[in-house]
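Report on the structure given below.
The values are calculated or read from the model by the stated rules, or taken from the named source; none is laboratory data. Only a predicted model underlies this, so the values are computations on that prediction, with no experimental measurement involved. Positions of Cβ are backbone-derived with ideal geometry, glycine not excepted, and every protein chain shown enters the neighbour counts.
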Amino acid sequence: MVDEVLKQLSRRFAGMYAKVGRPSIPPEQLLRALLLQMLYSIRSERLLMEEIDYSILFRWFVGLNLDDKLWDATVFTKNRDRLLEAEVAKEFLAQVVEQARGKGLISDEHFTIDGTLLEAWAGAKSFQAKDKPQPPADDPGNPTVNFHGERRSNETHASTTDPEALMAKKGEGKESKLSYTGNLLVENRNGLIVDVEVFQAKGTAERDAALIMLQRLTGTEPVTVGGDKGFDTRDFVKECRNLRVTPHVAQNHARPGGSAIDGRTTRHAGYAVSQRKRKRIEECFGWLKTIALMRKLRHRGVCKVDWIFTFACAAYNLVRMRNLAAAAPAV
């Protein structure tokens, strides 16, 4: 599966590299190494280089001979940053999705949307007032910071480590952390990820990302989309219907004015199916955070986080497709 995807992207890779100068790490080998890092939960690039160095299986998958010299971790990260600046991850995911569609594994009519918080690579001490000069630190490496009793918000404060990360919390009573919002569009047939968006962690980020992903859906047939109570707003439901998307979102009767959908939607059997199937998206988030190590990000900035999160989603699809192929009865 990976060979076919890289073959489709070979022309894209050719345009990224000059024909003169020092030879760099082939992008195919870079992506294969990054896939290994996702699939085997390797927490750093330096450890990844060590694993590839002594593992015959890893060398075979990446495309290195036993006597080939391995790259230095710094050289690997510098070459990886070149891929981060391009839309390679989006194209890689698109090719994986097309491969799954060709095998009949993807539904083009029924989807689920949801988002999750991704903890940023920045600590609470870096969240400082924007227009207030900070006193000299007593310890530059780990300064003492006392923000007890201080009102801090995203309007008045920002992280000096990752300015694009915002303070957010999962719910009432939970602690706030510097985070991004990772959003998925998943099809309901086999739970494969179709589209991805990473936004700053704002109140409407999930709904905004959902509408962007729904707009990118191809085809002329009406589709349905399932979601939790957070999507049960009149604006979101209205925009979905303008896109010829039937919103099968969970009803939130506690919201002022009541639910935005009524019996005209909930009376159909398909609504109950969508509500049952939408729980599959949590399996995607669980794999991404536990196996692909997306619970605590190692990149800073929306663009880089979006790249690495998208690539992790492509890795999840590859694992899911392999499992589906293994479970299919032999003909």
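Considering the range 292-331 alone, what residues qualify as being surrounded by 13 or more Cβ atoms within 10 Å (Cβ to Cβ) and under 15 Å from GLY191 (Cβ atoms)? Scanning the range 292-331 gives CYS313, ALA314, ALA315, TYR316, ASN317, LEU318, VAL319, ARG320, MET321, LEU324. The requirement of being surrounded by 15 or more Cβ atoms within 10 Å (Cβ to Cβ), within 30 Å of GLY230 (Cβ to Cβ) and in contact with a Lys or Arg (Cβ under 6 Å, 6 or more places away or on another chain) is fulfilled nowhere in the range 58-80; no residue meets it. Of the residues in the range 191-206, none is out of contact with any strand residue (DSSP E or B) (no Cβ under 7 Å at 6 or more places or on another chain) and among the charged types (D, E, K, R). Scoring HIS253 on the criteria (1) free of Cβ contacts under 8 Å to residues at least 60 places away in the same chain; (2) within 12 Å of the chain's Cα centre (by Cα); (3) in a loop (DSSP other than H, G, I, E, B) leaves a single failure, condition (2). Quick one: in the range 33-45, which of the residues that are in a helix (DSSP H, G or I) and out of contact with any Phe, Trp or Tyr (no Cβ under 9 Å at 6 or more places or on another chain) is surrounded by the fewest Cβ atoms within 10 Å (Cβ to Cβ)? Top of the filtered list is LEU39. A single entry from VAL225, VAL194, VAL273 fulfils the requirement of being among the β-branched types (Val, Ile, Thr), more than 25 Å from HIS299 (Cα to Cα) and buried (at least 23 other Cβ atoms within 10 Å of the Cβ): VAL225. Taken over the range 228-243, the criterion of being in contact with a strand residue (DSSP E or B) (Cβ under 8 Å, 6 or more places away or on another chain) and assigned to a loop (DSSP other than H, G, I, E, B) is satisfied by ASP228, ASP232. The set of residues in the range 85-106 that are modelled with pLDDT under 90 and in a loop (DSSP other than H, G, I, E, B) comprises GLU85, ALA86, GLU87. Among all residues of the range 24-37, there is at least one that is more than 18 Å from PHE311 (Cβ to Cβ) and modelled with pLDDT under 90.
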